[in-house]
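Below you'll find the structure, written out as structure tokens, and then a few comments.
The values are calculated or read from the model by the stated rules, or taken from the named source; none is laboratory data. Because the structure is predicted, anything quoted here is derived from the model rather than measured. Reconstructed Cβ throughout: ideal geometry from the backbone, glycine too, with neighbour counts over all protein chains shown. The accessibility values were calculated without ligands, DNA or RNA, using every heavy atom of the protein model including side chains. Shrake-Rupley method; radii C 1.70, N 1.55, O 1.52, S 1.80 Å.
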Amino acid sequence: MFENVVKVINFVNWSLVVAMIAVGISSWQMWVQRKHNRVSVTPHLSEHTHTSVNNGVISLQFNVANNGIGPAFINSFTVLHNGKKLDKDTDVPKLVAERSKTNVVDRSTHWLAKGASLAVNEKLTLFSLDVRQGSKCLKQELETAINEYDLVIEYSNAYKERFVFDTRED
């Protein structure tokens, strides 16, 4: 009879060990899955300045794109000129044109509001400026003028993890 009791105790102990291992592996697997889920919705913002010349008109565009794998939810959007914060109604293309003393054909400004979002692979033109070509070095002057401006965007992913895109950090 004593031998039967020892056999039952050994059986229960091994069952308990196997159950604890299964719980441990399941917990680890859930942790790995949650970590993967967070990574699979991570946005990544990048900027691109595009300059072209066509029929005597110089076009300058400053674009921001989300080339991550999840949407970017905008928390704040700040434009700086030589380190000083600009008001959200500032016409950046107009300031660039005035600095270069050019004849403006067309210009546009797009400010991102808090709560706005950029979808995966979405590209947005924040500033665009079309001017008549005057001097031979006007294209370089415009590029130099636009480079005086910096952009700081605080954004988050679907899990509310915060990220910062800052053109001053290259």
## Note on the structure
Note to self: C-alpha centroids of region 70-109 and region 15-35 sit apart, in Å, by 52
### Task
Write down the accessible area per residue of the chain in Å², having rolled a 1.4 Å probe over the full set of protein chains.
67
### Query
Lys/Arg Cβ at +1, Asp/Glu Cβ at -1, dipole of the chain taken about the Cα centre: which of Val104, Tyr149, Val41 is farthest positive-ward?
Val41
### Summary
Longest principal axis of the chain (C-alpha) makes with the long axis of helix 2-39 (C-alpha) an angle, in degrees to the nearest 10, of 0
### Task
Please report, largest first and rounded to whole Å, the three semi-axes of the ellipsoid equivalent to region 53-153, where each semi-axis is the square root of five times an eigenvalue of the C-alpha gyration tensor.
27, 16, 11
### Message
Can you report the principal axis dimensions of the chain using only the alpha carbons, biggest first, rounded to whole angstrom?
### Response
106, 30, 24
#### Entry: Helix-only CD estimate at 222 nm, as mean residue ellipticity for the chain, using -39500 (n - 2.57) per DSSP H run (n ≥ 4)
-11000 deg cm²/dmol
### Query
Quick one: if the Förster radius is 45 Å, what FRET efficiency do Asn82 and Arg34 give, using the C-beta to C-beta distance and rounding to 0.05?
0.55
### Message
So if each residue of separation counts as 0.36 nm, and I subtract the Cα-Cα distance between Ile69 and His44, what length gain in nm does that give?
### Response
8.2 nm
### Query
Which of the listed residues, Ala113, Thr90, Gln133, is farthest toward the dipole's positive end in region 23-166, when Lys, Arg count +1 and Asp, Glu count -1 at the beta-carbon?
Ala113
### Percent accessible area from carbon and sulfur atoms, the chain, protein chains only, probe 1.4 Å
55
## Note on the structure
Highest mean packing first, using Cβ neighbours within 10 angstrom, the peptides 144-154, 103-113, 60-70 sort as 60-70, 144-154, 103-113
